[in-house]
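> Starting off with a structure, shown below.
The values are calculated or read from the model by the stated rules, or taken from the named source; none is laboratory data. None of the values given here were measured: they were computed from a predicted structure. Please note: Cβ atoms are built from the backbone with ideal geometry, for glycine as well, and neighbour counts cover all protein chains shown. Just so you know, the surface numbers come from the protein's heavy atoms only, side chains and all, with ligands and any DNA or RNA stripped out. Shrake-Rupley method; radii C 1.70, N 1.55, O 1.52, S 1.80 Å.
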Amino acid sequence: MTELATVATSSAVYAPSAEVIARAHVKDWDTLRAYSLEHPLEFWAERARELEWFQEWTQVLDDSNKPFFKWFVGGKINIVHNALDRHMKTWRKNKLAYIWQGEDGSERAISYGELHRMVNQFANVLKSLGVRKGDRVTIYMGRVIELPAAMLACAKIGAIHSVVYGGFSVEALRGRIADSQSRVLITCDGAFVNGKVVELKQIVDDALKPGDLPVEKVIVYRRTGRAIGWVEGRDHWWHELMQDASPICETEVMDAEDPLFILYTSGSTGKPKALLHTHGGYAVYTYTTMRYVFDIQDEDRWWCAADPGWITGHSYIVYAPLMNGATSIIYEGGPAYPAPDRWWSIVEQYGVTILYCAPTAIRGFMRYGDEWPHKHDLSSLRLLGTVGEPINPEAWLWFYKHVGGERCPIMDTWWQTETGGFMITPLPVVPLKPGSATRPFFTIQAEIVDDAGQPVKPNEEGYLTILTPWPGMARTIYGDPDRYIQTYWSRFPGRYFTGDSARVDEDGYFWIIGRVDDVIKVSGYRLGTAEVESALVSHPAVAEAAAIGLPHEVRGNAIHVFVILRSGYEGTPALAEELRQHVGKVLGPIARPERVEFVARLPKTRSGKIMRRVLKARALGLPEGDLSTLEE
Ligand code: WT7
């Protein structure tokens, strides 16, 4: 450990081996980067031609109505045609699409041909329930193959999927169903995680109980086989509906700019935002970024260990791997169940060649000790990747040494729900600096600016902004275009504002520091202070609450909350624990606060806004900064 820490502080650079360069799709980063900056539209048109279109576009980019950019205008496509249908004409029909392992050790493998059949059948099921092009469908499932299949079935018929992460609970699910106005919901009876059963169907029943949501049909995939509640007429078993469904289903011809999905993400204020992605640009962007950054080849076994319910899973478990014809691993359960070498046994068992995960998982494994990865033959690995939060150099070096055998470059990919795919990222041929996401992807121009929007000097911290549009960018916030402009395009006119702070070193390498808004990244999961606070005030004892993120050794950040109680309540340790559990129950276990502190007052501005930065500074014992707006 000490030895690693010393290395971490030096500015070591890790150059790619001759072997890595020899097989890479892109061998000369500098030349392609220069070309892409000079000819961005040609670059993307060339990539788009690697996919199959029903009709080619007439214009690559329409920027006449900024910031509502349109890509591949006039083009007709369906991402599912590219993810599945087109492989039916080639040998890939018999290639494995997914290898799945349940937490209980059960295994399944499904070929492209079989997945195509399942998706067609389920698309017909959705049609028979009245789902039409443009309708929203909420998907709330555990990590089973049927989750990607449900997403693909929606996209195939032009419906818009809205996946809600299976770790969220009643209120988070309710809010997302209400906002999307889904009439159909797809779920599982339950999921196995960390040796326990997550009662997904029960959470669905609780969310729908008040009877004010538009859901008319609930489709339930049986995973655990345990007893569940049932509403006659509303609830249907997946396997029963599938029994009579035809395996033939024509793929809907979509406009390149037609919606593919919405995905909710936490923002700085108010309720979560539904970011909208489209068929054409998103397909081109995710396909290309995966191909170049992870250098995906036909013999690879790709494991993106994220959950399909987050953007990482949408892009890099579902759409990009299938468009690239890759074989992916999906593992259902907890990373250290039943022992801390669960992941390493999966790598060994299936010969995983590329592993993409979150720094928090790596820090968790580090704590268990080096012996766990060493118990297994990990020599199949050739590339590693991380996402979701900055990776500290110690964790980078541990991953590099003990998992990658000092042989596998680590792709530290910076991106967001909003960006659709990787934005600042190495390629295998790019020399690496532990802790840096290195440089922007092809055509992307990123810049760090100060409060006034002026570029800062090398190594100075500032706001991370993007100057140019890219095909994978979210098109809007579903149902709230004004909020889209307000959130991303107003702070620095003409630029996309990421919400992150960062610095660029003298070599042009980006070092992401973290969120500058009221988003807290817990174990790489994105949570809004507003969501946590409203979960707290839904408890009868709570009058007011403020949530902040404070550094945590494994999770990156942990949620700390400050609570003002209603009169008649006493701030006992038992009540603090009750409030922690309450947040876990209404929002989901990931949102459960680390610590609850009872206070008499909260620092506020004169207009009544809670000054979370003051709370944070106090908690960390740091200077409180400018307090001129603080009320008496
Ligand atoms: C936020 C976006 C995009 C997939 C998962 C997260 C942070 C993401 C990195 C990285 C440092 C990172 C940023 C960003 N983030 N990747 N490689 N290094 N920070 O998507 O939930 O929309 O969160 O995650 O703060 O803004 P998301």
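> For the stretch 431-548, what size does the Cα cloud have along each of its three principal axes, sorted from largest down, in whole Å?
54, 33, 27
> With +1 assigned to the C-beta of every Lys and Arg and -1 to the C-beta of every Asp and Glu, and no other charges, what is the dipole magnitude of the stretch 323-439 about the Cα centre in debye, to the nearest 20? Don't skip to the end; give the middle numbers.
Values: 9 positive and 11 negative charges, 45 e Å.
The dipole of the stretch 323-439 has a size of about 220 debye.
> Over all directions, average the projected area of the Cα convex hull of the stretch 199-352 and note it in nm².
Directional mean of the projected Cα hull area for the stretch 199-352 stands at 13.6 nm².
> Provide the per residue accessible area, probe 1.4 Å, for the stretch 1-103, rounded to a whole number of square angstrom. Mind dumping the intermediate values first?
Details: 5420 Å² over 103 residues.
In whole numbers, the stretch 1-103 has 53 Å² accessible per residue.
> Can you classify the stretch 133-245 as rounded, prolate or oblate using the Cα gyration tensor, where a ≥ b ≥ c are the square roots of its eigenvalues, rounded means a/c under 1.5, and otherwise it's prolate if a/b beats b/c and oblate if not? Working shown, then result.
Working: a/c = 1.33, a/b = 1.12, b/c = 1.19.
Here the stretch 133-245 falls in the rounded category.
> Could you tell me what percent of the accessible area of the chain is made up of carbon and sulfur, with a 1.4 Å probe and every protein chain present? It would help to have the intermediate numbers written out before the result.
On the way: 12040 of 24050 Å².
Exposed carbon and sulfur together represent 50 percent of the surface.
> Let me check against my output: what whole-number percent is the relative contact order of the chain, with C-alpha pairs under 8 Å and at least 6 apart?
Values: 1363 pairs, mean separation 84.7, N = 632.
Worked out over the chain, it gives 13 percent.
> Just to make sure I understand: if all protein chains stay in place, what is the order of THR386, THR58 by accessible area at 1.4 Å, largest first? Each step should come with its number before you reach the end.
Details: THR386 0, THR58 120 Å².
From most accessible down to least: THR58, THR386.
> While we're on this one: What dipole magnitude, in Debye to the nearest 20, does the stretch 24-83 give about its Cα centre under +1 on Lys/Arg Cβ and -1 on Asp/Glu Cβ?
Details: 7 positive and 10 negative charges, 41 e Å.
The calculated dipole for the stretch 24-83 is roughly 200 debye.
> Between the alpha-carbon centers of the stretch 51-100 and the stretch 248-290, tell me the distance in whole angstrom.
Measuring centre to centre over Cα atoms gives 12 Å.
> Report the local net charge at GLY508: Lys and Arg +1, Asp and Glu -1, summed over other residues whose C-beta lies under 12 Å from its C-beta.
Details: positive: ARG33, LYS433, ARG439, ARG503; negative: ASP30, GLU447, ASP505, GLU506, ASP507.
Computed value for this residue: -1.
> I've got another one for you. Find the centroid of the Cα atoms in the stretch 590-612 and in the stretch 146-203, then give the distance between the two in whole Å.
31
> What are the GluC sites (Glu not before Pro) within the stretch 284-363 that DSSP puts in a loop, where the Cβ has at most 13 other Cβ atoms within 10 Å? Display every interim value, and only then the final one.
On the way: sites: GLU299, GLU332, GLU348; in loops: GLU299, GLU332.
Passing sites in the stretch 284-363 are GLU299.
> Let me ask another. Rolling a 1.4 Å sphere over the protein heavy atoms, what is the accessible area per residue of the stretch 340-418, to the nearest Å²? Let's see the in-between values first.
Working: 2360 Å² over 79 residues.
That works out to 30 Å² per residue.
> Could you sort 612-618, 163-169 so that the peptide with the highest average Cβ count within 10 Å comes first and the rest follow in order? Working shown, then result.
Working: 612-618: 17.7, 163-169: 24.6.
Ranked by mean Cβ neighbours within 10 Å, highest first: 163-169, 612-618.
> With a ≥ b ≥ c taken as the square roots of the eigenvalues of the C-alpha gyration tensor of the chain, please select rounded if a/c is under 1.5 and otherwise prolate if a/b is larger than b/c or oblate if it is not? Write down the numbers at each step before the final one.
Numbers: a/c = 1.29, a/b = 1.07, b/c = 1.20.
Verdict is rounded for the chain.
> Return the calculated 222 nm mean residue ellipticity for the chain, to the nearest 500 deg cm²/dmol, obtained by summing -39500 (n - 2.57) across DSSP H runs with n ≥ 4 and dividing by the residue count. Don't jump to the answer; show the numbers that get you there.
Numbers: 20 runs with 176 residues, N = 632.
Calculated from helices alone, the mean residue ellipticity at 222 nm is -8000 deg cm²/dmol.
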